[in-house]
1. Pull up all non-local amide H partners of N96: gap of 5 or more, or a different chain, and H-to-H distance under 5 Å with H placed in the peptide plane.
2. Run the numbers for E80 and K68: contour at 0.36 nm per residue of separation, minus the present Cα-Cα distance, in nm.
3. Please state the Cα pair-distance histogram of region 161-217 with 5 angstrom bins from zero: what percent is in each bin?
4. For D60 and A147, what is the calculated FRET efficiency with R₀ set at 30 Å and r taken between the beta-carbons, to the nearest 0.05?
5. Return the long-range amide H neighbours of T28 (sequence gap of 5 or more, or a different chain), with a cut-off of under 5 Å between placed amide H atoms.
6. Using a 1.4 angstrom probe with every protein chain in place, what is the largest-first accessible-area order of T155, T214?
7. How long, wide and thick is region 71-130, going by the Cα atoms along their three principal axes, in whole angstroms, largest first?
8. Run down the lysines and flag those whose C-alpha is under 20 Å from the C-alpha of K89, throwing out any fewer than 8 positions away in its chain.
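The values are calculated or read from the model by the stated rules, or taken from the named source; none is laboratory data. Computed from a predicted model, the values in this text were never measured in an experiment. Cβ: placed from backbone, ideal geometry, glycine included. Neighbour counts: every protein chain shown. The accessibility values were calculated without ligands, DNA or RNA, using every heavy atom of the protein model including side chains. Shrake-Rupley method; radii C 1.70, N 1.55, O 1.52, S 1.80 Å.
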Amino acid sequence: ALGNTARAASNKHFDGYPNSNGVLFDNTRCIGCRKCEEGCNRVNELPEPERSFSDLSLLDTKRRTTAKSYTVVNRYAPAEGNHPPVYRKHQCMHCNEPCCASVCFVKAFKKTPEGPVLYDPEVCVGCRYCVFACPYYALAYEYDDPATPRVVRCTMCYPRIKKGLDPACAEACPTGAIQFGRREELLEVARKRIYKYPGRYINHVFGEDEWGGTSWL
């Protein structure tokens, strides 16, 4: 049987669909409140965590996404002097050229014009190549489901954005650290902040070019 050539093996570069959506995360505005985690949990109807979302002591332990937590916030540096603590929100980055899609031989993943990378559990064979291929360690597998296990991760709230709504994490964020909109417009927002506050930011928008560019910035 002859397989098709994978895009990842070619010299072609995909810049993303025009007018696609994105999400800008500004860690200088994140206060580590975990409201984004709570909003994600509610919208995706995930089970309640063992420890409450108000328990901020979890930030002391580096976490990754799981089959029951599609996004997590980690603290990478505590407050020191005049410097506030540093937080990072971790979830699927929704790459323009997704590694998960490039290794999937049944084409269970696809990049959508709206921005998110979607997954079709109906064709998935459970090989988990995608889980190992993801450079962001953002995919998880339902090991505790013996009947119909799935690969799970953030969907960028695709059903919500199709209805004109913001992703749940952006809607829940009380400080504006998570902003949803057109990807190109968000890149401009990020560049203007970098230009206006050069002492606050590194002169680089992560996700603009990494892995062909990502919908999460």
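1. G213, T214, S215
2. Between E80 and K68, full extension yields an extra 1.0 nm.
3. With 5 Å bins starting at 0, P(r) equals 4, 17, 22, 25, 20, 9, 2, 0.
4. Efficiency for this residue pair is about 0.25.
5. Here the answer is none, since no amide H 5 or more places off falls under 5 Å of that of T28.
6. On the way: T155 45, T214 0 Å².
From most accessible down to least: T155, T214.
7. 52, 26, 16
8. List returned: K35, K62, K68.
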